[in-house]
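The values are calculated or read from the model by the stated rules, or taken from the named source; none is laboratory data. From a predicted model like this one, the values you see are computed outputs, not experimental measurements. Counting neighbours? That spans all protein chains shown, and the Cβs are built from the backbone with ideal geometry, glycine included. Each accessible area value is taken on the protein alone, full model and side chains, heavy atoms only, with ligands, DNA and RNA left out. Shrake-Rupley method; radii C 1.70, N 1.55, O 1.52, S 1.80 Å.
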Amino acid sequence: MIQTIKTYNLFHSIWDKLIFGFAVPVVIILFHALVSLELAEMTITFTVVYTMYSEVMRDYFIFNGIYSRDSHHLILRSSYNGKKLFLRGIMSEHMRSLIHLFAVVMICTVITSILNKPDLYYIPVNVIITLTAYALYTISINIVRYFDNFTLYPFIATPFIILAILCAIALTFTGIKLGTPLLILFIVLAVVLSILVTALSYLHAKRCYENSFYDKGN
Amino acid sequence: MECNYVLEGQNIIKKYKNFTLDIENLQIPKGFATALIGENGAGKTTLLDILAGIKLDYKGNLKFFGQYNDKDREKDSAVKSRIGYTGTNNYFFPHWTLNQVEDLQELLFDNFHIDRYRELCRELALYTGASFEKNRKVSSLSDGNRVKLMLAGVLARDTDLLLLDEPASPLDPLMRDKLCNMLRDYLNENEGEKSVLFSTHNITDMESITDYVIIVEQGKIVEQGFVEDLKEKYIVVKGEKQDESYASKIIQNISSNSFGFEGICLSDDLDKLSGMDIAVERPTLSQISVHVMKKYSILGKNDVDKRAAS
């Protein structure tokens with residue numbers, strides 16, 4: 001656990017933690033509080049969009065280009081522990097982004113309940129939205145990490161963010177309330193999707209690291 | 001000279017589209033500093049990357065420390081941790097700070113000594129101790145300072161073999177001298193148990209530390225041996241203008257001016273020049289290297305053809 005925390009701190013500078021870990025979520029939560037006065041539970045859509053975009057930007061400053069063959073990690077390859085550290089760094093980032101998404105969404109859910117009539121129905125709904133957003137975000141960053149071009153990050157991530165928005169809109173804007181069995185089913189599906197995407201991300205990162213030892217075409 | 005070998009390799013082959021590294025027999029003597037010399041594109045970096053385990057797509061057999069093969073190097077931390085490697089490009093993450101580089105090496109290498117590392121960084125004038133200096137990014141360092149950072153990292157570890165790719169190239173003359181001293185101190189630790197293999201273009205500056213030489217051209221080893229043995233094997237010959245045409249049959253890559261000629265030949269061929277008014281000298285390592293490289297390189301062949309045509 002200590003090694004994981006040390007590895008996480010290695011990849012995340014103090015500025016990253018201050019800006020993307022504190023300042024940006026505070027702004028998003030304040031914005032959510034303001035908008036939820038009018039839109040109530042539907043505000044979660046905007047919160048998820050802004051959080052996903054800020055996470056994509058954060059990922060650029062830490063991991064841009066890390067999956068490409070020309071990535072800068074000769075020092076890792078020269079070390080026996082290089083692969084372990086690399087995968088630990090990637091997976092601790094996935095865990096952090098899941099916790100971050102949940103924390104922001106749950107805080108916003110509480111704020112919405114305080115400012116409007118509390119509706120327990122939206123707790124499992126927000127869990128589904130969060131897990132779906134996490135899964136789609138994870139898929140998008142597995143693609144953008146091949147590039148070190150800043151413009152490509154939001155360009156490639158946007159379709160996945162739109163899919164997350166559609167999920168949130170379907171669950172909050174339509175006014176349709178799902179029955180308990182359907183809610184449970186969607187939660188299970190969202191959990192399974194998140195676990196699957198996380199596992200595939202691990203395998204993908206492992207493969208990218210192993211491929212860096214081999215020249216293209218060999 | 002009989003000696004043990006810290007590293008041996010047979011039939012090391014790595015193919016690229018327009019280039020093949022093909023090393024039939026590689027032997028790096030233990031307890032010595034070996035210089036890997038060759039022109040640009042000869043295969044020095046490729047060979048070092050293969051030996052350090054940076055590239056794994058090659059064929060051939062390697063033996064480390066007299067007993068471990070390359071699979072042991074990848075599977076056993078005790079083997080890989082005994083090898084220190086520095087590269088040329090793409091070694092550190094460029095956006096990382098010196099602080100992060102320090103933490104990274106502590107996490108990556110079990111035999112890394114943080115106090116020794118900080119002392120080396122101060123010794124190499126990378127920082128003077130002010131805390132803000134460690135917030136500098138690797139990308140803001142000059143090429144020379146980046147090499148110093150790599151060297152501080154490998155020398156702060158307990159290793160038995162250093163594989164250094166062009167450590168001297170970006171360094172100023174003062175730092176090159178310091179590098180030679182540091183490598184000499186490294187070799188003197190543990191009474192001959194440590195070895196160094198480095199590639200270099202600065203043969204003159206690195207000659208003082210070089211014990212053994214391997215010259216690589218077009219992916220093959222074309223000459224190797226202890227420096228003293230090579231200086232006995234080759235000889236510099238200087239003669240008069242009128243003898244140049246005959247001498248050019250014995251001495252390849254002869255150079256001439258209005259006063260006479262100069263070139264390197266094998267000491268064994270010296271008797272073929274008997275009867276001529278010649279002066280002989282012991283060659284420097286640089287002269288031997290250039291002579292051998294000219295013999296086997298495309299650049300050398302082009303020069304010969306140009307001279308023949310004129």
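Under the Karplus relation 6.51 cos²θ - 1.76 cosθ + 1.60, θ = phi - 60°, what is the ordered set of whole-Hz ³J(HN,Hα) values for segment A:31-45, x standing for Gly and Pro?
Listing the rounded values in order: 4, 4, 4, 5, 6, 5, 5, 9, 9, 6, 5, 5, 4, 4, 4 Hz.
Could you order B:THR45, B:THR204, A:THR47 so the one with the most accessible surface comes first? Probe is 1.4 Å.
These residues rank, largest area first, as B:THR204, B:THR45, A:THR47.
Roughly how much of B:ASP271 is accessible, in Å² to the nearest 10, using a 1.4 Å probe?
B:ASP271 has an accessible surface of roughly 110 Å² with all protein chains in place.
Buried accessible area for the A:B pair, summed, 1.4 Å probe, in Å² rounded to 100?
2700
Across chain A, how many lysine pairs, 8 or more positions apart or on different chains, have C-alpha atoms separated by under 26 Å? Please give the number.
13
Find which of B:PRO173, B:THR284, B:TYR212 sits farthest along the positive direction of the dipole of chain B, computed with +1 on the beta-carbon of Lys and Arg, -1 on that of Asp and Glu, about the Cα centre.
B:PRO173
Send over a whole-number figure in Å² for the accessible area per residue of chain A, probe 1.4 Å.
Normalised by residue count, the accessible surface of chain A is 47 Å².
Could you grab the relative contact order for segment B:149-232? Cα pairs under 8 Å, six or more apart, rounded to a whole percent.
Normalised by residue count, the contact order of segment B:149-232 is 27 percent.
Quick one: if the Förster radius is 22 Å, what FRET efficiency do B:GLU106 and A:LYS17 give, using the C-beta to C-beta distance and rounding to 0.05?
Here the calculated transfer efficiency is 0.65.
Per 5 Å bin from zero, what fraction in whole % of the C-alpha pairs of segment B:1-80 is there, up to the bin with the longest pair?
Per 5 Å bin, starting at 0, the Cα pair percentages come out as 3, 14, 25, 26, 18, 10, 3, 0.
With n ≥ 4 as the cut-off for DSSP H runs, can you work out [θ] at 222 nm for the protein assembly as shown, using -39500 (n - 2.57) per run divided by the number of residues, rounded to the nearest 500?
-16500 deg cm²/dmol
In angstroms, what radius of gyration and Dmax does chain A have, counting Cα atoms only?
18.5, 62
Assuming 1.567 mPa s and 4 °C, estimate D for segment B:123-254 with Stokes-Einstein, Rh taken as the Kirkwood radius over Cα pairs, in µm²/s.
Using the Kirkwood radius from Cα pairs, D works out to 72 µm²/s.
Determine the relative contact order of chain B: mean sequence separation of Cα pairs under 8 Å and six or more apart, normalised by residue count, in whole percent.
20
With the full set of protein chains in place, find how many percent of the accessible area of chain B is carbon and sulfur; take the probe as 1.4 Å.
46
Summarise the partner chain shielding of A:11-17 as one whole number: the mean count of Cβ atoms from other chains within 10 Å of each residue's Cβ.
The shielding value for this peptide is 2.
Looking at this model, which pairs from B:LYS194/B:LYS233; B:LYS75/B:LYS194; B:LYS15/B:LYS178 are more than 25 angstrom apart at the alpha-carbon?
With Cα atoms farther than 25 Å apart: B:LYS194/B:LYS233; B:LYS15/B:LYS178.
Working with all protein chains in place, sort B:LYS194, B:LYS249 by solvent-accessible area computed with a 1.4 Å probe, largest first.
B:LYS249, B:LYS194
Report, to the nearest whole %, how much of the accessible area of segment A:2-211 belongs to carbon and sulfur atoms, 1.4 Å probe, protein only.
Solvent-exposed carbon and sulfur of segment A:2-211 make up 77 percent of the total.
In terms of solvent-accessible area of protein heavy atoms at a 1.4 angstrom probe, what is the ranking of B:ILE221, A:ILE195, B:ILE214, highest value first?
Descending order: A:ILE195, B:ILE221, B:ILE214.
Taking a ≥ b ≥ c as the square roots of the Cα gyration tensor eigenvalues, with a/c under 1.5 meaning rounded and otherwise prolate when a/b beats b/c, else oblate, which class fits chain B?
Here chain B falls in the prolate category.
Once phi is turned into θ = phi - 60°, what whole-Hz ³J(HN,Hα) does the Karplus curve with 6.51, -1.76 and 1.60 give for every residue of segment A:15-25, x standing for Gly and Pro?
5, 4, 5, 5, 7, 7, x, 10, 4, 4, x
³J(HN,Hα) across segment A:93-98 via Karplus (A = 6.51, B = -1.76, C = 1.60, θ = phi - 60°), whole Hz, x for Gly/Pro?
5, 4, 5, 4, 5, 5
Tell me, what is the 1.4 Å probe accessible area of A:TYR121, in Å² to the nearest 10?
30
Taking the Cα-to-Cβ direction at A:PHE173 and at B:ASP277 and moving 7 Å from each Cα, how far apart do the two end points lie in nm?
Rounded to a tenth, the inter-label distance reads 10.0 nm.
Would you jot down the residues in segment A:71-99 that end up with at least 40 Å² less accessible area in the complete protein assembly than in the chain alone, with a 1.4 Å probe?
Relative to the lone chain, where solvent access is computed with a 1.4 Å probe, segment A:71-99 loses at least 40 Å² at A:HIS72, A:LEU74, A:ILE75, A:ARG77, A:SER78, A:SER79, A:TYR80, A:ASN81, A:LEU85.
Pairs of alpha-carbon atoms within less than 8 angstrom and 6+ residues apart define the contacts here; what relative contact order does segment A:2-211 have, in percent?
31
List the aspartates and glutamates whose alpha-carbon lies under 17 Å from that of B:LYS220, not counting same-chain residues fewer than 8 positions away?
Of all the aspartates and glutamates, those that pass the test against B:LYS220 - Cα under 17 Å, at least 8 places apart if same chain - are B:GLU8, B:ASP22, B:GLU24, B:GLU39, B:ASP49.
Can you give the accessible area of B:ILE298 in Å² (nearest 10), computed on protein heavy atoms with a 1.4 Å probe?
Here the residue's solvent-accessible area equals roughly 100 Å².
Check cross-link reach from B:LYS272 to the aspartates and glutamates: straight Cα distance under 20 Å, and skip same-chain residues fewer than eight apart.
Once the sequence-local aspartates and glutamates are set aside, what remains near B:LYS272 is B:GLU232, B:GLU240, B:ASP243, B:GLU244, B:GLU262, B:GLU281.
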